[in-house]
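Each remark here refers to the structure printed beneath this line.
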Amino acid sequence: MSTVTIGGVSAAPGEKAKGFLNAGTTSINTYRVPLAVINGAEKGKTVGVIGGTHGTEFASIEAVIRAIKALDPGKMRGTVLAVPVLNGPQFE
C-alpha cells in the first residue's frame, strides 16, 4: 500500500488525513472543499463519499462526518475519500 495524495491532502497507509481542496477562485473568494483521506493499512478499492451536495442536506453532512470519525484506517483495506460538504456556498 502506498501514500494517497489528493490535492494537498496526503495519508500514508493506516492513516487518516484532513484538509481542503481548492476548487476554484472568483474575483472575491477562493472556494475550498473539505476532504478526508482515510487510507487503509492494506491494498483495496477506493470509494468516494459525498455529503452536502445541496445546502439543506444536513443528514448527509452528519453521516459523512460520523463515517470519517468511525473509520479506523489501521483495520481497513483500500481508501475512503470523504467530502462532508460539497456545496459550501449554499450551505453557508
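Quick note: the coordinates plus some simple rules give every number you see, no bench work behind them. No experiment lies behind these values; they were computed from the predicted model shown. All Cβ positions, glycine included, derive from the backbone under ideal geometry; neighbour counts span all protein chains shown.
List of remarks:
- Any pair with Cβ under 7 angstrom, 6 or more apart, that starts in the range 71-90 at a residue that is closer than 15 Å to K43 by Cα and ends at one that is part of a loop (DSSP other than H, G, I, E, B) and among the aliphatic types (A, V, I, L, M): P73/A41; G74/A41; M76/A41; V80/L71
- Pairs where the first residue, in the range 22-44, is farther than 18 Å from T79 by Cα and the second is of a type in the set (D, E, K, R) and surrounded by 10 or more Cβ atoms within 10 Å (Cβ to Cβ), C-beta under 6 Å, 6+ apart: N22/R32
- Residue list for the range 34-66, restricted to those being assigned to a strand (DSSP E or B), of a type in the set (D, E, K, R) and more than 16 Å from the chain's Cα centre (by Cα): E42, K43
- Scope the range 32-85; condition closer than 12 Å to V4 by Cα, polar (S, T, N, Q) and touching a helix residue (DSSP H, G or I) at 6+ places or on another chain (Cβ under 9 Å); matching residues: N39, T79
- Residue match in the range 67-74 (condition: over 16 Å from the mean Cα position of the chain (by Cα), part of a helix (DSSP H, G or I) and hydrophobic (A, V, I, L, M, F, W, C)): no
- Residue in the range 14-26 that is in a strand (DSSP E or B), in contact with a helix residue (DSSP H, G or I) (Cβ under 7 Å, 6 or more places away or on another chain) and of a type in the set (D, E) present: yes
- Subset of the range 35-92 that is out of contact with any strand residue (DSSP E or B) (no Cβ under 8 Å at 6 or more places or on another chain) and among the hydrophobic types (A, V, I, L, M, F, W, C) - its residue that is surrounded by the most Cβ atoms within 10 Å (Cβ to Cβ): I61
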